[in-house]
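**Student:** What follows is a structure written as C-alpha coordinates; I'll ask about it next.
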Amino acid sequence: MTTVTDRPPDSPASRQASRQPTWTADQALEQLYAAHWRSLVRLSVLLVRDQGVAEEVVQDAFVAVHGRWGRLRDPGRALAYLRQTVVNRSRSALRHRAVVERHAARRTPPPEEPGADQAALVSDRRAAVLDALRALPQRQREVLALRYYLDLSEAEISDTLGISRGAVKSHASRGAATLRTLLEEQL
Amino acid sequence: MNDLHDLFEDAVADVEPADRLDAIRCRTSSPAQAARPWFRAAALTVVGTAATVTLVAALGSGPQPTGPAEHGGHEEAGHADRPAEDDAATMLVPAYFVGASPNGPRLYREFDRVPAGDPLQGALERIQEPPSDPDYRTLWAVGTGAGLALESATLRDTTIDVELGPIDLDQAAPELAVQQVVYTLQAAAGRQLPVRFLSNGRPSGSPVDAARQDEVLNPVSISDPAEGNTYAGSFIARGRVGAGERTVEWSILDGPDAQSAVARGLATIDAGGGGFAPWTAEVDLSGLAPGTYVFSVSTADVRLSAYGPTFTDTRTISVR
(Lines give C-alpha, C1' and ligand atoms only; values in the text may rest on other atoms or scores of the structure.)
Protein backbone atom coordinates (compact mmCIF):
# COMPACT_ATOMS: atom_id res chain seq x y z
CA MET A 1 0.00 0.00 0.00
CA THR A 2 1.28 3.39 -0.88
CA THR A 3 0.18 6.88 -0.07
CA VAL A 4 -0.01 10.13 -1.90
CA THR A 5 2.96 12.27 -1.07
CA ASP A 6 2.72 15.82 0.12
CA ARG A 7 5.50 16.76 -2.23
CA PRO A 8 4.77 19.46 -4.77
CA PRO A 9 4.70 17.85 -8.19
CA ASP A 10 7.59 19.77 -9.65
CA SER A 11 9.87 20.01 -6.66
CA PRO A 12 12.20 17.14 -5.75
CA ALA A 13 11.86 16.11 -2.12
CA SER A 14 15.49 16.93 -1.44
CA ARG A 15 14.96 20.54 -2.36
CA GLN A 16 11.55 20.92 -0.91
CA ALA A 17 12.69 22.70 2.23
CA SER A 18 14.61 25.34 0.35
CA ARG A 19 11.99 26.00 -2.31
CA GLN A 20 8.64 27.66 -2.30
CA PRO A 21 6.06 25.10 -3.31
CA THR A 22 4.67 25.87 -6.71
CA TRP A 23 1.28 24.27 -6.36
CA THR A 24 -1.73 26.09 -7.68
CA ALA A 25 -4.79 26.19 -5.47
CA ASP A 26 -6.35 23.43 -7.58
CA GLN A 27 -3.32 21.16 -7.28
CA ALA A 28 -3.10 21.76 -3.55
CA LEU A 29 -6.78 21.01 -3.16
CA GLU A 30 -6.51 17.72 -4.99
CA GLN A 31 -3.41 16.56 -3.15
CA LEU A 32 -4.95 17.45 0.21
CA TYR A 33 -8.19 15.75 -0.81
CA ALA A 34 -6.41 12.57 -1.86
CA ALA A 35 -4.43 12.38 1.33
CA HIS A 36 -6.83 13.70 3.97
CA TRP A 37 -10.47 13.57 2.84
CA ARG A 38 -11.28 10.31 4.55
CA SER A 39 -9.47 11.00 7.83
CA LEU A 40 -10.98 14.49 8.17
CA VAL A 41 -14.49 13.16 7.60
CA ARG A 42 -13.80 10.53 10.24
CA LEU A 43 -12.52 13.22 12.60
CA SER A 44 -15.72 15.18 12.08
CA VAL A 45 -17.82 12.06 12.68
CA LEU A 46 -16.14 11.75 16.08
CA LEU A 47 -17.23 15.34 16.78
CA VAL A 48 -20.73 15.45 15.30
CA ARG A 49 -21.66 11.78 15.16
CA ASP A 50 -23.51 12.04 11.84
CA GLN A 51 -21.68 11.10 8.64
CA GLY A 52 -23.84 13.24 6.37
CA VAL A 53 -23.15 16.34 8.45
CA ALA A 54 -19.47 15.43 8.67
CA GLU A 55 -19.13 15.15 4.89
CA GLU A 56 -20.72 18.55 4.43
CA VAL A 57 -18.53 20.13 7.09
CA VAL A 58 -15.36 18.78 5.52
CA GLN A 59 -16.49 19.61 2.00
CA ASP A 60 -16.98 23.23 3.11
CA ALA A 61 -13.55 23.18 4.75
CA PHE A 62 -11.93 22.08 1.48
CA VAL A 63 -13.70 24.87 -0.39
CA ALA A 64 -12.47 27.31 2.27
CA VAL A 65 -8.86 26.14 2.11
CA HIS A 66 -8.91 26.48 -1.68
CA GLY A 67 -10.04 30.11 -1.36
CA ARG A 68 -7.29 30.78 1.14
CA TRP A 69 -4.46 29.06 -0.73
CA GLY A 70 -3.02 32.39 -1.87
CA ARG A 71 -2.20 33.16 1.76
CA LEU A 72 -1.32 29.65 2.94
CA ARG A 73 0.99 28.62 0.12
CA ASP A 74 2.24 25.61 2.03
CA PRO A 75 0.75 22.13 2.32
CA GLY A 76 1.57 21.87 6.04
CA ARG A 77 -0.10 25.14 6.87
CA ALA A 78 -3.01 24.28 4.61
CA LEU A 79 -3.53 21.02 6.48
CA ALA A 80 -3.45 22.86 9.82
CA TYR A 81 -5.99 25.32 8.47
CA LEU A 82 -8.16 22.45 7.20
CA ARG A 83 -8.14 20.76 10.61
CA GLN A 84 -9.01 23.99 12.36
CA THR A 85 -11.83 24.68 9.93
CA VAL A 86 -13.21 21.16 10.32
CA VAL A 87 -13.25 21.46 14.12
CA ASN A 88 -14.84 24.92 14.05
CA ARG A 89 -17.46 23.99 11.51
CA SER A 90 -18.26 20.75 13.31
CA ARG A 91 -18.91 22.87 16.39
CA SER A 92 -21.24 25.20 14.47
CA ALA A 93 -23.03 22.25 12.93
CA LEU A 94 -23.77 20.90 16.40
CA ARG A 95 -25.09 24.27 17.45
CA HIS A 96 -27.61 24.19 14.68
CA ARG A 97 -29.86 21.57 16.12
CA ALA A 98 -32.16 21.76 13.16
CA VAL A 99 -29.41 20.68 10.85
CA VAL A 100 -28.52 17.77 13.06
CA GLU A 101 -32.10 16.66 13.38
CA ARG A 102 -32.75 16.82 9.69
CA HIS A 103 -29.78 14.61 8.98
CA ALA A 104 -30.55 12.22 11.78
CA ALA A 105 -33.91 11.67 10.13
CA ARG A 106 -32.24 10.86 6.86
CA ARG A 107 -31.96 7.20 6.31
CA THR A 108 -28.54 5.72 6.66
CA PRO A 109 -27.35 3.25 4.06
CA PRO A 110 -27.52 -0.40 5.09
CA PRO A 111 -24.27 -1.82 6.44
CA GLU A 112 -22.23 -3.36 3.67
CA GLU A 113 -21.29 -6.64 5.31
CA PRO A 114 -24.03 -8.04 7.47
CA GLY A 115 -21.92 -10.53 9.42
CA ALA A 116 -24.62 -11.45 11.94
CA ASP A 117 -23.70 -11.38 15.64
CA GLN A 118 -20.08 -10.41 15.26
CA ALA A 119 -21.07 -7.38 13.19
CA ALA A 120 -23.74 -6.40 15.69
CA LEU A 121 -21.18 -6.49 18.51
CA VAL A 122 -18.75 -4.35 16.56
CA SER A 123 -21.41 -1.84 15.67
CA ASP A 124 -22.57 -1.67 19.32
CA ARG A 125 -19.01 -0.94 20.40
CA ARG A 126 -18.67 1.81 17.81
CA ALA A 127 -21.97 3.35 18.80
CA ALA A 128 -20.96 3.24 22.47
CA VAL A 129 -17.75 5.17 21.77
CA LEU A 130 -19.53 7.81 19.68
CA ASP A 131 -22.28 8.14 22.33
CA ALA A 132 -19.70 8.54 25.08
CA LEU A 133 -17.91 11.23 23.10
CA ARG A 134 -21.18 13.08 22.59
CA ALA A 135 -21.71 13.02 26.35
CA LEU A 136 -18.48 14.94 26.98
CA PRO A 137 -18.22 18.72 27.08
CA GLN A 138 -17.38 20.06 23.64
CA ARG A 139 -13.79 21.12 24.36
CA GLN A 140 -12.91 17.80 25.93
CA ARG A 141 -14.35 15.98 22.95
CA GLU A 142 -12.34 18.12 20.53
CA VAL A 143 -9.10 17.71 22.45
CA LEU A 144 -9.52 13.94 22.72
CA ALA A 145 -10.36 13.53 19.01
CA LEU A 146 -7.32 15.55 17.96
CA ARG A 147 -5.08 13.81 20.49
CA TYR A 148 -6.13 10.21 20.04
CA TYR A 149 -7.52 10.09 16.50
CA LEU A 150 -5.19 12.46 14.65
CA ASP A 151 -2.29 11.90 17.08
CA LEU A 152 -1.56 15.62 17.33
CA SER A 153 0.87 16.99 19.91
CA GLU A 154 -0.23 19.32 22.69
CA ALA A 155 1.27 22.24 20.82
CA GLU A 156 -0.61 21.37 17.62
CA ILE A 157 -3.88 20.97 19.51
CA SER A 158 -3.30 24.28 21.24
CA ASP A 159 -2.83 25.96 17.83
CA THR A 160 -5.81 24.20 16.27
CA LEU A 161 -8.23 25.15 19.03
CA GLY A 162 -6.69 28.49 19.97
CA ILE A 163 -6.37 27.55 23.63
CA SER A 164 -3.33 27.35 25.93
CA ARG A 165 -1.28 24.20 26.32
CA GLY A 166 -2.30 24.10 29.95
CA ALA A 167 -5.94 24.04 28.90
CA VAL A 168 -5.22 21.26 26.38
CA LYS A 169 -3.60 19.22 29.11
CA SER A 170 -6.47 19.65 31.53
CA HIS A 171 -9.21 18.99 28.94
CA ALA A 172 -7.32 15.89 27.82
CA SER A 173 -6.96 14.40 31.27
CA ARG A 174 -10.47 15.18 32.41
CA GLY A 175 -12.00 14.02 29.14
CA ALA A 176 -10.01 10.79 29.14
CA ALA A 177 -11.02 10.04 32.74
CA THR A 178 -14.72 10.54 32.00
CA LEU A 179 -14.49 8.53 28.82
CA ARG A 180 -12.83 5.64 30.60
CA THR A 181 -15.64 5.58 33.13
CA LEU A 182 -18.31 5.70 30.45
CA LEU A 183 -16.61 3.02 28.40
CA GLU A 184 -15.52 0.70 31.18
CA GLU A 185 -16.89 -2.32 29.36
CA GLN A 186 -15.11 -1.55 26.12
CA LEU A 187 -11.66 -0.90 27.58
CA MET B 1 -2.75 5.52 26.27
CA ASN B 2 -2.98 3.43 23.12
CA ASP B 3 -6.30 2.02 24.21
CA LEU B 4 -8.09 5.29 23.45
CA HIS B 5 -6.30 5.63 20.15
CA ASP B 6 -7.42 2.15 19.09
CA LEU B 7 -10.95 2.77 20.29
CA PHE B 8 -11.26 6.03 18.33
CA GLU B 9 -9.77 4.48 15.20
CA ASP B 10 -12.18 1.60 15.46
CA ALA B 11 -15.19 3.81 16.18
CA VAL B 12 -14.95 5.40 12.74
CA ALA B 13 -13.32 2.55 10.83
CA ASP B 14 -16.55 1.85 8.97
CA VAL B 15 -17.05 5.48 7.94
CA GLU B 16 -16.39 5.46 4.22
CA PRO B 17 -17.20 8.94 2.98
CA ALA B 18 -18.68 9.44 -0.47
CA ASP B 19 -16.36 10.93 -3.06
CA ARG B 20 -17.10 14.64 -3.06
CA LEU B 21 -14.19 15.85 -5.12
CA ASP B 22 -16.62 16.62 -7.94
CA ALA B 23 -18.74 18.86 -5.79
CA ILE B 24 -15.71 20.58 -4.27
CA ARG B 25 -14.17 21.18 -7.67
CA CYS B 26 -17.39 22.62 -8.99
CA ARG B 27 -17.56 25.03 -6.09
CA THR B 28 -13.92 26.07 -6.40
CA SER B 29 -13.64 26.29 -10.16
CA SER B 30 -13.16 29.97 -10.87
CA PRO B 31 -13.18 31.06 -14.49
CA ALA B 32 -9.50 31.96 -14.49
CA GLN B 33 -8.26 28.74 -12.89
CA ALA B 34 -10.51 26.35 -14.67
CA ALA B 35 -10.16 27.58 -18.21
CA ARG B 36 -10.47 24.45 -20.29
CA PRO B 37 -10.06 25.30 -23.94
CA TRP B 38 -11.22 21.85 -24.99
CA PHE B 39 -14.75 22.50 -23.92
CA ARG B 40 -15.22 25.33 -26.35
CA ALA B 41 -13.77 23.12 -29.05
CA ALA B 42 -16.03 20.24 -28.13
CA ALA B 43 -19.07 22.49 -28.09
CA LEU B 44 -18.23 23.71 -31.55
CA THR B 45 -17.90 20.13 -32.67
CA VAL B 46 -21.38 19.32 -31.50
CA VAL B 47 -22.74 22.16 -33.55
CA GLY B 48 -20.53 21.39 -36.50
CA THR B 49 -21.47 17.77 -36.74
CA ALA B 50 -25.09 18.08 -35.79
CA ALA B 51 -26.13 17.49 -39.33
CA THR B 52 -24.27 14.21 -39.57
CA VAL B 53 -24.87 12.84 -36.10
CA THR B 54 -27.97 10.75 -35.77
CA LEU B 55 -29.63 12.24 -32.76
CA VAL B 56 -31.88 9.68 -31.25
CA ALA B 57 -35.32 10.73 -30.19
CA ALA B 58 -36.57 7.21 -29.88
CA LEU B 59 -36.30 6.88 -26.12
CA GLY B 60 -39.81 5.50 -26.08
CA SER B 61 -38.66 2.48 -28.03
CA GLY B 62 -35.58 1.88 -25.90
CA PRO B 63 -32.49 4.03 -25.68
CA GLN B 64 -30.27 3.92 -28.70
CA PRO B 65 -26.73 4.61 -27.72
CA THR B 66 -25.01 7.15 -29.86
CA GLY B 67 -21.81 5.30 -30.58
CA PRO B 68 -18.44 6.96 -30.85
CA ALA B 69 -18.25 6.22 -34.55
CA GLU B 70 -21.08 8.62 -35.16
CA HIS B 71 -19.15 11.55 -33.81
CA GLY B 72 -16.84 12.09 -36.73
CA GLY B 73 -14.71 15.19 -36.39
CA HIS B 74 -14.68 15.02 -32.61
CA GLU B 75 -11.04 14.11 -32.47
CA GLU B 76 -9.56 16.90 -34.51
CA ALA B 77 -11.71 19.56 -32.94
CA GLY B 78 -11.13 18.17 -29.49
CA HIS B 79 -7.42 18.74 -29.78
CA ALA B 80 -7.63 22.32 -30.84
CA ASP B 81 -5.67 24.38 -28.36
CA ARG B 82 -7.79 27.49 -28.51
CA PRO B 83 -7.56 30.28 -26.01
CA ALA B 84 -10.60 30.31 -23.77
CA GLU B 85 -12.66 33.45 -23.96
CA ASP B 86 -15.56 34.47 -21.88
CA ASP B 87 -15.28 31.69 -19.32
CA ALA B 88 -17.05 33.76 -16.70
CA ALA B 89 -20.24 32.59 -18.32
CA THR B 90 -19.47 28.91 -17.80
CA MET B 91 -19.00 26.40 -14.98
CA LEU B 92 -17.69 22.88 -14.55
CA VAL B 93 -20.10 20.04 -13.84
CA PRO B 94 -19.51 16.33 -13.25
CA ALA B 95 -21.21 14.19 -15.88
CA TYR B 96 -21.32 10.41 -16.00
CA PHE B 97 -21.36 8.66 -19.35
CA VAL B 98 -21.44 5.04 -20.43
CA GLY B 99 -18.47 3.18 -21.84
CA ALA B 100 -17.53 -0.42 -22.54
CA SER B 101 -15.68 -2.63 -20.05
CA PRO B 102 -14.88 -6.34 -19.77
CA ASN B 103 -17.87 -6.53 -17.41
CA GLY B 104 -20.23 -4.88 -19.88
CA PRO B 105 -21.28 -1.23 -19.97
CA ARG B 106 -20.09 0.86 -17.04
CA LEU B 107 -20.28 4.51 -15.99
CA TYR B 108 -17.30 6.84 -16.43
CA ARG B 109 -17.07 10.43 -15.20
CA GLU B 110 -16.12 13.56 -17.08
CA PHE B 111 -15.89 17.13 -15.84
CA ASP B 112 -17.49 19.25 -18.52
CA ARG B 113 -17.87 22.98 -18.91
CA VAL B 114 -21.41 24.20 -19.44
CA PRO B 115 -23.10 27.61 -19.44
CA ALA B 116 -23.14 29.09 -15.94
CA GLY B 117 -26.28 28.56 -13.92
CA ASP B 118 -27.72 25.94 -11.60
CA PRO B 119 -25.22 23.05 -11.38
CA LEU B 120 -27.95 20.41 -11.14
CA GLN B 121 -29.72 21.66 -14.23
CA GLY B 122 -26.40 22.11 -16.06
CA ALA B 123 -25.35 18.54 -15.26
CA LEU B 124 -28.77 17.16 -16.24
CA GLU B 125 -28.63 18.86 -19.62
CA ARG B 126 -24.98 17.88 -20.11
CA ILE B 127 -25.71 14.14 -20.00
CA GLN B 128 -28.30 14.57 -22.73
CA GLU B 129 -25.57 15.69 -25.11
CA PRO B 130 -22.68 13.67 -26.50
CA PRO B 131 -19.72 13.21 -24.10
CA SER B 132 -16.38 14.91 -24.72
CA ASP B 133 -14.63 11.55 -24.87
CA PRO B 134 -15.62 9.70 -28.04
CA ASP B 135 -15.10 6.37 -26.25
CA TYR B 136 -18.21 7.08 -24.20
CA ARG B 137 -21.84 7.59 -25.03
CA THR B 138 -24.92 8.76 -23.25
CA LEU B 139 -28.04 6.70 -22.76
CA TRP B 140 -30.03 9.93 -22.83
CA ALA B 141 -29.56 11.00 -26.40
CA VAL B 142 -30.62 14.42 -27.53
CA GLY B 143 -34.13 14.50 -28.84
CA THR B 144 -34.92 16.16 -32.13
CA GLY B 145 -37.88 18.38 -31.69
CA ALA B 146 -39.34 16.13 -29.01
CA GLY B 147 -37.61 18.16 -26.30
CA LEU B 148 -35.42 16.84 -23.49
CA ALA B 149 -36.20 13.46 -21.99
CA LEU B 150 -35.08 14.84 -18.62
CA GLU B 151 -36.43 18.35 -18.35
CA SER B 152 -35.41 19.76 -15.01
CA ALA B 153 -33.70 18.83 -11.75
CA THR B 154 -34.45 20.38 -8.36
CA LEU B 155 -32.75 19.85 -4.99
CA ARG B 156 -35.29 19.11 -2.23
CA ASP B 157 -34.74 18.33 1.46
CA THR B 158 -34.76 14.57 1.08
CA THR B 159 -34.67 13.96 -2.66
CA ILE B 160 -33.38 15.31 -5.92
CA ASP B 161 -36.43 15.68 -8.16
CA VAL B 162 -36.24 15.16 -11.91
CA GLU B 163 -39.15 16.24 -14.09
CA LEU B 164 -39.45 13.93 -17.06
CA GLY B 165 -40.20 15.03 -20.59
CA PRO B 166 -42.55 13.10 -22.85
CA ILE B 167 -41.17 9.61 -22.10
CA ASP B 168 -42.23 6.56 -20.18
CA LEU B 169 -39.41 5.88 -17.74
CA ASP B 170 -40.18 2.19 -17.27
CA GLN B 171 -40.03 1.49 -20.97
CA ALA B 172 -37.34 3.93 -21.84
CA ALA B 173 -34.60 3.50 -19.34
CA PRO B 174 -32.51 0.49 -18.45
CA GLU B 175 -31.09 0.44 -14.93
CA LEU B 176 -27.75 1.88 -16.03
CA ALA B 177 -29.44 4.87 -17.68
CA VAL B 178 -31.23 5.64 -14.43
CA GLN B 179 -27.93 5.30 -12.55
CA GLN B 180 -26.30 7.65 -15.06
CA VAL B 181 -28.78 10.28 -13.87
CA VAL B 182 -28.48 9.39 -10.17
CA TYR B 183 -24.66 9.45 -10.13
CA THR B 184 -24.49 12.68 -12.12
CA LEU B 185 -27.02 14.56 -10.01
CA GLN B 186 -25.67 13.35 -6.67
CA ALA B 187 -22.22 14.46 -7.75
CA ALA B 188 -23.49 17.84 -8.94
CA ALA B 189 -25.44 18.35 -5.72
CA GLY B 190 -22.63 17.02 -3.52
CA ARG B 191 -25.26 15.07 -1.61
CA GLN B 192 -26.28 11.44 -1.72
CA LEU B 193 -30.00 11.97 -1.90
CA PRO B 194 -32.26 9.55 -3.76
CA VAL B 195 -33.51 10.76 -7.12
CA ARG B 196 -37.25 11.00 -7.60
CA PHE B 197 -38.58 11.01 -11.15
CA LEU B 198 -41.74 13.02 -11.73
CA SER B 199 -44.07 13.08 -14.66
CA ASN B 200 -46.26 16.19 -14.81
CA GLY B 201 -45.41 16.78 -11.16
CA ARG B 202 -46.48 13.31 -10.02
CA PRO B 203 -43.92 10.74 -8.81
CA SER B 204 -43.19 8.05 -11.35
CA GLY B 205 -42.11 5.10 -9.16
CA SER B 206 -40.13 5.23 -5.90
CA PRO B 207 -37.06 7.42 -5.42
CA VAL B 208 -33.90 5.73 -6.71
CA ASP B 209 -30.73 5.42 -4.64
CA ALA B 210 -27.29 5.17 -6.13
CA ALA B 211 -26.33 1.58 -6.90
CA ARG B 212 -23.12 0.28 -5.36
CA GLN B 213 -20.06 1.76 -7.03
CA ASP B 214 -18.60 -1.63 -7.86
CA GLU B 215 -21.77 -2.53 -9.71
CA VAL B 216 -22.00 0.47 -12.01
CA LEU B 217 -18.63 2.24 -12.20
CA ASN B 218 -15.71 1.05 -14.26
CA PRO B 219 -13.11 -0.15 -11.74
CA VAL B 220 -10.64 2.45 -12.97
CA SER B 221 -11.32 5.91 -14.30
CA ILE B 222 -9.46 9.09 -15.25
CA SER B 223 -10.58 12.44 -13.81
CA ASP B 224 -7.62 14.35 -15.23
CA PRO B 225 -6.62 14.87 -17.97
CA ALA B 226 -9.82 15.81 -19.74
CA GLU B 227 -10.23 14.67 -23.33
CA GLY B 228 -8.12 16.74 -25.67
CA ASN B 229 -6.00 18.58 -23.09
CA THR B 230 -2.65 19.92 -24.21
CA TYR B 231 0.47 19.65 -22.07
CA ALA B 232 4.15 20.53 -22.17
CA GLY B 233 6.80 18.97 -19.94
CA SER B 234 4.69 16.98 -17.51
CA PHE B 235 1.28 16.78 -15.94
CA ILE B 236 -0.47 15.24 -12.95
CA ALA B 237 -3.03 12.60 -13.81
CA ARG B 238 -5.74 11.69 -11.33
CA GLY B 239 -8.63 9.31 -11.09
CA ARG B 240 -10.30 6.65 -9.02
CA VAL B 241 -9.87 2.93 -8.70
CA GLY B 242 -12.06 0.21 -7.20
CA ALA B 243 -11.24 -1.38 -3.87
CA GLY B 244 -10.36 -4.74 -5.39
CA GLU B 245 -7.68 -3.34 -7.68
CA ARG B 246 -4.15 -3.12 -6.40
CA THR B 247 -2.29 -1.64 -9.32
CA VAL B 248 -2.94 1.24 -11.69
CA GLU B 249 -0.50 1.35 -14.57
CA TRP B 250 -0.45 4.32 -16.88
CA SER B 251 1.00 4.53 -20.35
CA ILE B 252 1.33 7.00 -23.18
CA LEU B 253 0.42 5.29 -26.43
CA ASP B 254 1.51 6.31 -29.89
CA GLY B 255 1.21 4.98 -33.38
CA PRO B 256 -1.64 4.71 -35.87
CA ASP B 257 -3.79 2.58 -33.59
CA ALA B 258 -2.27 3.81 -30.35
CA GLN B 259 -0.68 0.40 -29.91
CA SER B 260 2.85 1.16 -28.79
CA ALA B 261 3.68 2.55 -25.36
CA VAL B 262 6.26 5.32 -25.48
CA ALA B 263 6.15 5.95 -21.72
CA ARG B 264 4.67 4.11 -18.80
CA GLY B 265 4.67 4.01 -15.04
CA LEU B 266 2.68 3.15 -11.96
CA ALA B 267 0.19 5.46 -10.30
CA THR B 268 0.13 5.98 -6.56
CA ILE B 269 -3.04 4.67 -4.94
CA ASP B 270 -4.31 6.17 -1.71
CA ALA B 271 -5.74 2.89 -0.53
CA GLY B 272 -6.65 2.10 3.02
CA GLY B 273 -10.41 1.76 3.14
CA GLY B 274 -13.22 0.13 1.26
CA GLY B 275 -14.84 1.80 -1.72
CA PHE B 276 -13.12 3.61 -4.53
CA ALA B 277 -9.73 5.16 -3.82
CA PRO B 278 -8.05 8.10 -5.52
CA TRP B 279 -4.94 7.51 -7.61
CA THR B 280 -2.45 10.05 -8.89
CA ALA B 281 0.49 9.84 -11.27
CA GLU B 282 3.09 12.33 -12.34
CA VAL B 283 3.49 11.85 -16.07
CA ASP B 284 6.76 13.01 -17.56
CA LEU B 285 6.44 13.97 -21.22
CA SER B 286 10.03 14.98 -21.81
CA GLY B 287 11.48 13.29 -24.84
CA LEU B 288 8.13 12.99 -26.59
CA ALA B 289 7.77 14.75 -29.92
CA PRO B 290 4.91 17.25 -30.14
CA GLY B 291 1.77 15.56 -31.37
CA THR B 292 -1.26 13.58 -30.35
CA TYR B 293 -1.09 10.61 -27.98
CA VAL B 294 -3.42 8.44 -25.97
CA PHE B 295 -3.05 8.48 -22.19
CA SER B 296 -4.22 5.13 -20.90
CA VAL B 297 -4.60 3.65 -17.43
CA SER B 298 -5.29 0.03 -16.63
CA THR B 299 -5.84 -1.90 -13.46
CA ALA B 300 -3.41 -4.71 -14.04
CA ASP B 301 0.26 -4.61 -14.76
CA VAL B 302 0.07 -5.76 -18.36
CA ARG B 303 3.43 -7.46 -18.11
CA LEU B 304 2.11 -9.75 -15.40
CA SER B 305 -1.50 -9.95 -16.40
CA ALA B 306 -2.52 -13.42 -15.46
CA TYR B 307 -5.40 -12.68 -13.13
CA GLY B 308 -8.81 -11.55 -14.16
CA PRO B 309 -9.79 -8.95 -16.71
CA THR B 310 -7.89 -5.73 -17.21
CA PHE B 311 -9.95 -2.56 -16.96
CA THR B 312 -8.86 0.56 -18.76
CA ASP B 313 -9.78 4.16 -19.34
CA THR B 314 -8.18 6.44 -21.92
CA ARG B 315 -7.89 10.09 -22.88
CA THR B 316 -6.51 11.65 -26.01
CA ILE B 317 -3.94 14.32 -25.17
CA SER B 318 -1.66 16.62 -27.11
CA VAL B 319 1.98 17.31 -26.34
CA ARG B 320 3.32 20.71 -27.28
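The values are calculated or read from the model by the stated rules, or taken from the named source; none is laboratory data. Not measured: the values here are computed from a predicted model. Every residue, glycine among them, receives a Cβ derived from its backbone with ideal geometry; neighbour counts consider all protein chains shown. Note: areas computed on protein heavy atoms with side chains; ligands, DNA, RNA excluded. Shrake-Rupley method; radii C 1.70, N 1.55, O 1.52, S 1.80 Å.
**Student:** Which residues among region B:223-262 fall inside the zone where the amide N is under 18 Å from a point 7 Å beyond the Cα of B:Ala289, along Cα→Cβ?
**Tutor:** Correct set: B:231-233, B:252-262.
**Student:** Rank A:Gln186, A:Val168, A:Leu152 by how far each Cα sits towards the positive end of the charge dipole of region A:139-187 (+1 on Lys, Arg Cβ; -1 on Asp, Glu Cβ) and give me just the farthest.
**Tutor:** Among A:Gln186, A:Val168, A:Leu152, the one farthest towards the positive end of the dipole of region A:139-187 is A:Val168.
**Student:** Now a separate question. Rg to Rh ratio, region B:186-225, alpha-carbon atoms and Kirkwood radius?
**Tutor:** Details: Rg = 13.8 Å, Rh = 12.5 Å.
Rounded to two decimals, Rg/Rh equals 1.11.
**Student:** Amide H to amide H, which residues 5 or more places from B:Thr90 or on other chains are under 5 Å from it, using H placed in the peptide plane?
**Tutor:** So B:Thr90 has HN proximity to B:Ala116.
**Student:** Take B:Ser206 and B:Glu282, extend 7 Å from each Cα along the Cα→Cβ direction, and tell me the distance between the two endpoints in nm.
**Tutor:** Those two pseudo-labels are separated by 5.0 nm.
**Student:** Right, next: Mind listing, in residue-number order, the residues in region A:143-187 that have at least 20 Å² less accessible area with every protein chain present than in their own chain alone (1.4 Å probe)?
**Tutor:** Residues of region A:143-187 that lose at least 20 Å² of accessible area once the other chains are added: A:Tyr148, A:Tyr149, A:Asp151, A:Leu179, A:Arg180, A:Leu187.
**Student:** Follow-up question, since we're still on this one. Consider all pairwise Cα distances in region B:219-319 and report the whole-number % of them above 18 Å.
**Tutor:** Across region B:219-319, Cα pairs with separations above 18 Å total 43 percent.
**Student:** Additional query: List the extent of the Cα atoms of region A:23-64 along each of their three principal axes, largest first, rounded to whole Å.
**Tutor:** So the extents along the principal axes, rounded to whole Å, are 34, 16, 12.
**Student:** Working out 0.36 nm times the residue gap between A:Arg125 and A:Glu184, then minus their Cα-Cα distance, what length gain in nm do you get to one decimal? Write down the numbers at each step before the final one.
**Tutor:** Details: separation 59, 0.36 × 59 = 21.24 nm, distance 1.14 nm.
Length gained, A:Arg125 through A:Glu184: 20.1 nm.
**Student:** While we're here: At a probe radius of 1.4 Å, figure out the A/B buried accessible area, summed over both chains, and give it in Å² to the nearest 100.
**Tutor:** On the way: alone 11760 and 15500 Å², together 22680 Å².
Its buried surface, counting both partners, is about 4600 Å².
**Student:** Please compute the modelled spin-label separation between B:Asp168 and A:Arg71, points set 7 Å along Cα→Cβ, answer in nm with one decimal.
**Tutor:** Here the answer is 6.0 nm between the modelled labels.
**Student:** Another question, if that's okay. Going by average Cβ density within 10 Å per residue, which order do the peptides B:196-203, A:48-55, A:128-135 take, highest to lowest? Show your work: numbers first, answer last.
**Tutor:** Values: B:196-203: 13.2, A:48-55: 23.4, A:128-135: 17.4.
Final packing ranking: A:48-55, A:128-135, B:196-203.
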